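Coordinate-derived values only; no laboratory data. None of these values were measured; they are calculated from a predicted model. Please note: Cβ atoms are built from the backbone with ideal geometry, for glycine as well, and neighbour counts cover all protein chains shown.
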Amino acid sequence: MERTFAIIKPDAFAAGHAGKILARIYQEGFKVVGLKKLYLSKVEAEGFYYVHRERPFFGELTDFMSSGPCVVMALEADNAIMKWRDLMGATDPAKAAEGTLRREFGTSIGENATHGSDAPETAAFELSYFFAGLELL
Ligand code: DAT
Ligand code: MG
């Protein structure tokens, strides 16, 4: 079993898609081992996306992620990291495959409904950024 870190981003939460996304997560066989609703500050969003600090879209990205409430989750499954990336689809919803979450709920490359860790090291960092070990028992 592997764990990954996922976010229902502010666009999807504000549009009322959190329930549908969560239903899909269960349907696909993930175990939700941690879940909370948060309203990130700009500084907290910057800390989370620190690896992207030099990218031209960093300001836009962190403004968006701190623009409203989101849902952060720890998901467990065999091959959870890749499985969740596959379910989300490509970063740009226009390029995401039919049936993926970003295709269904994303509206632009910036406002793409969900986040998922891309590797074991980033999953470890991202899980620990939002959850204490005791919250994931
Ligand atoms: P992913 O979220 O698929 O891992 P990423 O790590 O490359 O994609 O980028 C993180 C987020 O930054 C992405 O979900 C949305 C935003 N982003 C990426 N590329 C962008 C761009 N060209 N313009 C605006 N926002 C972008
Ligand atoms: Mg990424």
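Observations
- Averaging Cα coordinates gives a centre for the stretch 11-34 and one for the stretch 51-127; these two points are 13 Å apart.
- Note on Lys37 and Glu2: the model spin-label points, each 7 Å out from Cα along the C-beta direction, lie 3.1 nm apart.
- Here r is the Cβ-Cβ distance between Leu22 and Thr107 and R0 is 25 Å; the resulting FRET efficiency, rounded to 0.05, is 0.80.
- Dividing the helix sum by the residues of the chain, where each DSSP H run of 4 or more adds -39500 (n - 2.57), gives a mean residue ellipticity at 222 nm of -10500 deg cm²/dmol.
- Relative protection proxy for 18-25, 32-39, from highest mean packing down: 18-25, 32-39 (other beta-carbon atoms within 10 angstrom).
- Using 0.36 nm per residue and subtracting the Cα-Cα separation, the extra length available between Ala14 and Glu60 on full extension is 14.8 nm.
- Dividing the Cα radius of gyration of the chain by its Kirkwood radius returns 0.93 for Rg/Rh.
- Proximal charge balance of Glu2 [Cβ under 15 Å; K/R count +1, D/E count -1]: -3
- The mean sequence distance of close C-alpha pairs (under 8 Å, at least 6 residues apart), as a share of the length of the chain, puts its relative contact order at 37 percent.
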